[in-house]
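Since the structure comes first, as structure tokens, the remarks are kept for the end.
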């Protein structure tokens, strides 16, 4: 049940991230005077949700708690590549890019978002570590 | 067992009388709990020395308990004991200072020197005796809740 919950929340987060990417793309179009070129086909919102769901499935690779940190790094790299493959395939199927440059844009957005999520997760964990250590000072027994 | 509580006016009059047919481990624990404000559990030493029978171990001495191959081990600062209790039974028996931190481990929060987060979302708890135990990602939230973080 918890895995389904994780997949569901990941789908929501990735959908939001893709919408953010789309928003940034539209913003740049507008900045360079191509605002009138912005249009989306009827299946784009649905394709975002389908892609987000497929991108969330590789998250299962990261859920094995028994793994050591070294193995986790390997799994993280695998996860990065799997999600990139899903994103590239879905983008091609759903006609998200019409040229190499637009594919590169999607690629760059993906790398930025992935790195941002990793850094944010690490920062939150470190923050938790500091808070927990501070709280432990108040309850710790004398040795 | 029937338990009767009779209110008294001051602490000097406080007294607990246990009327039992024989002294059982449970009654021993209850007695120690009342006398020392600390529960004890029956454990046996794992060192294999001859004559190492069952002893009562105060839960305040426990650093962590671990389940390995359907056996439950209790670790103190320097020693390791085995107990007849299963981990889920200990979880109910031990007080709020203890926290389940993985499927096979219960840890005494008061014996943690520090925690360190790992890249995979887990945390490593360094105990007061220098030993390290892993707190699974799913139980980190529980630890934070318990500490009011």
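Read-outs throughout are calculated quantities, based only on the coordinates presented, and are distinct from any laboratory measurement. Values in this document were obtained by computation on a predicted structure and should not be read as measured data. Reconstructed Cβ throughout: ideal geometry from the backbone, glycine too, with neighbour counts over all protein chains shown.
Brief remarks on what is shown
- Spatial offset of the stretch A:13-58 relative to the stretch A:98-143 amounts to 24 Å, using the alpha carbon center of each.
- Note: relative contact order over chain A, using C-alpha pairs below 8 Å and six or more positions apart, is 23 percent.
- Rounded FRET efficiency, nearest 0.05, which uses the C-beta distance separating residue A:127 from residue A:107 and R0 of 30 Å: 0.50
- Dividing the convex hull volume of the alpha-carbon atoms in the stretch B:43-147 by its residue count gives 103 Å³ per residue.
- Degrees, to the nearest 10: A:2-31 long Cα axis against longest axis of chain A: 50
- Cβ-based exposure ranking for B:114, A:15, in which fewest neighbours within 10 Å come first: B:114, A:15
- Residue exposure sequence - A:90, B:80 - by fewest surrounding Cβ within 10 Å: B:80, A:90
- Report summary: the helix-based calculation at 222 nm, which adds -39500 (n - 2.57) for every DSSP H run with n ≥ 4 and divides by the residues of the protein assembly as shown, gives -16000 deg cm²/dmol.
- Per-residue mean of C-beta atoms belonging to partner chains within 10 Å, peptide A:124-133: 6
- Per-residue mean of C-beta atoms belonging to partner chains within 10 Å, peptide B:116-126: 6
- Pair-distance distribution of the stretch A:2-110: all C-alpha pairs, bin width 5 Å, starting at 0; shares per bin in whole percent are 2, 11, 19, 22, 17, 12, 8, 5, 2, 1, 0.
- Neighbour-count order for A:5, B:7, fewest beta carbons within 10 angstrom listed first: B:7, A:5
- Working from Cα pairs under 8 Å separated by at least six residues, relative contact order for chain B is 13 percent.
- Against chain B, whose longest principal axis is taken from its Cα atoms, helix B:137-147 shows a tilt of about 50°.
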